[in-house]
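The values are calculated or read from the model by the stated rules, or taken from the named source; none is laboratory data. Just so you know, these numbers come straight off a predicted model, no measurement behind them. Because the Cβ atoms are built from the backbone with ideal geometry, glycine has one as well, and the counts that use them run over all protein chains shown.
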Amino acid sequence: MTILDDLRWRGLVADCTDLDALTKRIAEGPITLYCGFDPTADSLHVGNLVPLLALRRFQQQGHRPIALAGGATGMVGDPSGKSAERNLQTPDQVEHNIARIREQLTKFLDFSAAGNPARLVNNHDWTAPVSILDFLRDIGKHISVNSMVAKESVRSRMDDREAGISFTEFTYMLLQGFDFYHLRKTYDCELQIGATDQWGNITVGTELTRKKLGATVWGLVFPLLTKADGSKYGKTATGTVWLDPKRTSPYRFYQFFINTDDADVVKLLKTLTFLSAEEVTALEKEVQAKPAARTAQKTLAREMTALVHGPDRLAGAIKASEVLFGGSIEGLSAEDFQDVAAEAPNQDIEKSKLEAAGTPLIDLLVSSGLCPSKGQARKDLEGGGIYVNNVRVGGITRAVSTADLLFGAYVLLRKGRRTYAVLRAV
């Protein structure tokens, strides 16, 4: 399949400024394209993966991708999809976020590929040197206010008299349009991609480039990543699912995809993985025939965790999952144990209390909250329902000592199948 055929099959073609002309242009040979990522946080999130992986799909088929970090546009704030003004970030915040996002972008694209290496640019480099007067004369002059007001991102805010839209955010689309014009002039970039909420901004760029350079460029947008019920994908009860392992651990990232609904999993396999049509079709049949096995969800979780965090952290996430379902702790790294510890109540205990003979397990079951009383703790021990480091305890006289410490600092207590507590020796 051509890249456009592949995107269609994956359900990733929502709209295009001229799909027939773009199809013809791509048939003639490799094209240079770009996608922008504003530094609104110090990490990208799951929702950013669709356009980011699209850049990778294009590169795999021989095209030349440009990833744009929005050092300039991030100072202004995109009104698209927002019902109120963004809080403006300081230059230091933007610079910090840009540095972190740059690191993530380089993980997904090949910057040393022979023939079509990816390129990473920052729009602050060409925007900052331009004076406000030059920008108004050379850029603003070519875009009518009428067309700007007609954009959905602006019109929806203008209809809300309480929220409204500032002149700052109103002009955001001019900055993005300037990016496209600059990239066309400098790198012969002919295509901009993004989610559907970027349609208004992208079309400003195509119009500006046509008027300033007399050149034809295209815009291609993908559907926003949503669940079957229409809600935004990439959000959980505890917040956004980030690509940075410090913000969303590989274990939680893995579990996020494991918990995908049957109604969403096939769509996500198409939009987020690089599995072939044959592989996805086979998994779709598994969902229909054996939904309880959750084979598709496990495949999705493995593919995404390996892609974002690497095979080692995938192995750790799988191991952490097994531990939290009662599996052996043997082979679990200290880093991945932190993911296990994060899923259970934690309590500090003086290390001196674990030295020599240690502390009776009965006392620790009560102090950790796993058992309401010593009497109940004894009953649970006698019934074989208590585990230390996922090993069943055989009697009520068991004590916990420094010999039980994992990684020199932790003890994992478990009651029944899934009730945990972590003791941290301090």
When residues of the stretch 3-42 are limited to those that are at pLDDT 95 or above and among the hydroxyl-bearing types (Ser, Thr, Tyr), the one farthest from the chain's Cα centre (by Cα): Thr23
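Would you mind finding the one in Ala341, Ala356 that is out of contact with any Gly (no Cβ under 8 Å at 6 or more places or on another chain) and assigned to a loop (DSSP other than H, G, I, E, B)?
Values: Ala341 fails: assigned to a loop (DSSP other than H, G, I, E, B).
Result: Ala356 is the single residue among Ala341, Ala356 that is out of contact with any Gly (no Cβ under 8 Å at 6 or more places or on another chain) and assigned to a loop (DSSP other than H, G, I, E, B).
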Inter-residue pairs, beta-carbon under 7 Å, first under 15 Å from Ala195 (Cβ atoms) and in the stretch 222-236, second charged (D, E, K, R), 6+ apart: Leu224/Asp197; Thr226/Lys232; Tyr233/Lys227
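Kindly check whether there is at least one residue in the stretch 291-299 that is in the same structural domain as Leu272 (by TED's automatic domain parsing), among the aliphatic types (A, V, I, L, M), touching a residue at least 60 places away in the same chain (Cβ under 8 Å) and in a helix (DSSP H, G or I). Working first, answer last.
Step one: filter the stretch 291-299 for residues in the same structural domain as Leu272 (by TED's automatic domain parsing), giving 291-299.
Then drop every residue that is not among the aliphatic types (A, V, I, L, M), which leaves 292-293, 296.
Among the residues that remain, those that are also touching a residue at least 60 places away in the same chain (Cβ under 8 Å) are: none.
No, there is no match, as no residue in the stretch 291-299 is in the same structural domain as Leu272 (by TED's automatic domain parsing), among the aliphatic types (A, V, I, L, M), touching a residue at least 60 places away in the same chain (Cβ under 8 Å) and in a helix (DSSP H, G or I).
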Pair list, Cβ < 8 Å and 6+ apart or interchain, from the stretch 172-187 residues that are farther than 18 Å from Gly74 by Cα to residues that are among the charged types (D, E, K, R) and not in a helix (DSSP H, G or I): Arg184/Glu190; Tyr187/Arg119
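Would you confirm whether or not the stretch 34-41 contains a residue that is assigned to a helix (DSSP H, G or I) and touching a Leu at 6+ places or on another chain (Cβ under 6 Å)? Before the answer, list the steps.
In the first step, residues of the stretch 34-41 are kept if they are assigned to a helix (DSSP H, G or I); the result is none.
Within the stretch 34-41, none of the residues are assigned to a helix (DSSP H, G or I) and touching a Leu at 6+ places or on another chain (Cβ under 6 Å).
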Criterion (small (Gly, Ala, Ser), farther than 23 Å from Ala54 by Cα, surrounded by fewer than 14 Cβ atoms within 10 Å (Cβ to Cβ) and modelled with pLDDT of 95 or more) met by exactly one of Gly214, Gly239: Gly214
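In this structure, does Ala21 turn out to be free of Cβ contacts under 8 Å to residues at least 60 places away in the same chain, of a type in the set (Gly, Ala, Ser), more than 30 Å from Met158 (Cβ to Cβ) and surrounded by fewer than 17 Cβ atoms within 10 Å (Cβ to Cβ)? Let's see the steps before the verdict.
Numbers: free of Cβ contacts under 8 Å to residues at least 60 places away in the same chain: no; of a type in the set (Gly, Ala, Ser): yes; more than 30 Å from Met158 (Cβ to Cβ): yes; surrounded by fewer than 17 Cβ atoms within 10 Å (Cβ to Cβ): yes.
The answer is no for Ala21.
Take Asp380 and tell me if it is of a type outside the set (Lys, Arg) and either within 24 Å of Thr238 (Cβ to Cβ) or part of a loop (DSSP other than H, G, I, E, B) (or both).
Numbers: of a type outside the set (Lys, Arg): yes; either within 24 Å of Thr238 (Cβ to Cβ) or part of a loop (DSSP other than H, G, I, E, B) (or both): no.
Against the criterion (of a type outside the set (Lys, Arg) and either within 24 Å of Thr238 (Cβ to Cβ) or part of a loop (DSSP other than H, G, I, E, B) (or both)), Asp380 does not qualify.
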Residue, surrounded by the most Cβ atoms within 10 Å (Cβ to Cβ), within the stretch 128-161, restricted to residues that are farther than 16 Å from Ile202 by Cα and of a type in the set (Gly, Ala, Ser): Ser156
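Scan the stretch 193-218 for residues that are under 23 Å from the mean Cα position of the chain (by Cα) and part of a helix (DSSP H, G or I) and report the count. Before you say what the answer is, go through the steps one by one.
Of the residues in the stretch 193-218, the ones under 23 Å from the mean Cα position of the chain (by Cα) are 193-199, 201-202.
With part of a helix (DSSP H, G or I) added as a condition, the list becomes 196-199, 201-202.
Summing the residues that are under 23 Å from the mean Cα position of the chain (by Cα) and part of a helix (DSSP H, G or I) in the stretch 193-218 gives 6.
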Single match in Ile329, Ile318 (criterion: among the aliphatic types (A, V, I, L, M) and either over 39 Å from the mean Cα position of the chain (by Cα) or outside any helix (DSSP H, G or I) (or both)): Ile329
